[in-house]
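The values are calculated or read from the model by the stated rules, or taken from the named source; none is laboratory data. This is a predicted model, so every value here is computed, not measured. All Cβ positions, even for glycine, are placed from backbone atoms using ideal geometry, and neighbour counts span all protein chains on display.
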Amino acid sequence: MATISQSSRQSPAGAERQPVPAARARSVLELIGDTPLLEIRKIAAGLLRPGVRVFAKLEGFNPGGSVKDRAAAKMIEIGLARGELKPGKVIIDSTSGNTGIALAMVGAALGYQVELAMAANASRERKQILAAFGAKVNFSDPLEGSDGAMMLCRQMIARAPERYFKPDQYNNEANPLAHFETTGPEIWRQSAGQVTHFVAGIGTGGTVMGTGRYLKSRRPEIRVIAVEPDDPMHGLEGLKHMASSIVPGIYHEEELDDKLPVSTEDAYEMVYALGQIEGLLVGQSSGAAMVAALRVARQLKQGFVVTLFPDFGDRYLSTNLWVGWQRWRREDFARRLDKWTGRANATT
Ligand SMILES: Cc1ncc(COP(=O)(O)O)c(C=O)c1O
């Protein structure tokens, strides 16, 4: 029997039948999205009723390494279409890190300069990645968190407003739209329409709003649950504690079914567990999302719970996440997991 390459050599028409690699693309931008959905089985084993499953969408597989590639590409696409971004202009924004990396990547791919305002305590890895994409970074006071970066960005624009295009991820509807158009449909497809709950952290709120809206448009009973740090002085890079922050314009809490607080300590422990038990190294906001997803899943008799892991863990190796982790013990974790995610009265 002829192999595929032999038959295509013999007949030009056969060349069309050659298998094309799934990810053959003309630009790195075409590789954004279509991330895998992984079932988290080992950590959940024994905690959940037989009809309940938990899955995580692995956004670290995006070319810029995070969920933010989706929003950055969409905001720039719409900015170009509206003529707000044109050759010679500089893309500027405030960012806790991943959006900056995504903007820097998209800017480089399209030939635009990128300038960012960022809290000075962002991880060393993130700063180096931004520099490698050719972006220019201005640092704000770490004690002011992401709000400090927003204020610094405003000052930079005020000096030369005509020079900049600001995607403004906190107030740009293209941010949730990216998730409405891609993340939501992907989860619907990957779960074969079985998804019952979507659980995601809030940074700008783009992910939870856009994905949640899409899923509810397919089946209004799907529950959409946000995850936030339980304390204003948290260590969950990428997530916002809403009560003590400037509320993003795109964030509409009334559309959510629930909002669960997660402590920094529990989220960090979950990151260690995901690494050692599932073989999956993720960032701290993924740890928080997983704690909340298990808490939701434990209440259920039946369910298909989907959470989203915004990025992988390698860009946090120099952060507090990995200070003192050697004391972590798998045996203690099992006991504590039972406590944090405690099962109340089960619902459907
Ligand atoms: C690590 C991390 N987790 C979670 C989020 C939250 O995403 P969103 O802004 O879509 O709410 C972000 C966003 O910046 C992030 O960088």
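Listed values, structure above:
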{"quantity": "Qualifying residues in segment 238-265 (those that are within 13 Å of the ligand (Cβ to nearest atom), modelled with pLDDT under 95 and not hydrophobic (A, V, I, L, M, F, W, C)) - the one farthest from the chain's Cα centre (by Cα)", "calculated": "S245"}
{"quantity": "Segment 209-229, subset in contact with a strand residue (DSSP E or B) (Cβ under 7 Å, 6 or more places away or on another chain) and under 14 Å from E254 (Cα atoms), residue surrounded by the fewest Cβ atoms within 10 Å (Cβ to Cβ)", "calculated": "K216"}
{"quantity": "Candidates G238, G303 - the one that is touching a Gly at 6+ places or on another chain (Cβ under 8 Å), surrounded by 15 or more Cβ atoms within 10 Å (Cβ to Cβ) and closer than 19 Å to G65 by Cα", "calculated": "G238"}
{"quantity": "Index of the failed condition, L85 passing every other in (1) of a type outside the set (V, I, T); (2) surrounded by 22 or more Cβ atoms within 10 Å (Cβ to Cβ); (3) within 21 Å of the chain's Cα centre (by Cα); (4) not in a helix (DSSP H, G or I)", "calculated": "(3)"}
{"quantity": "Count of residues meeting criterion [in contact with a strand residue (DSSP E or B) (Cβ under 6 Å, 6 or more places away or on another chain) and more than 20 Å from Q284 (Cα to Cα)] in segment 107-129", "calculated": "7"}
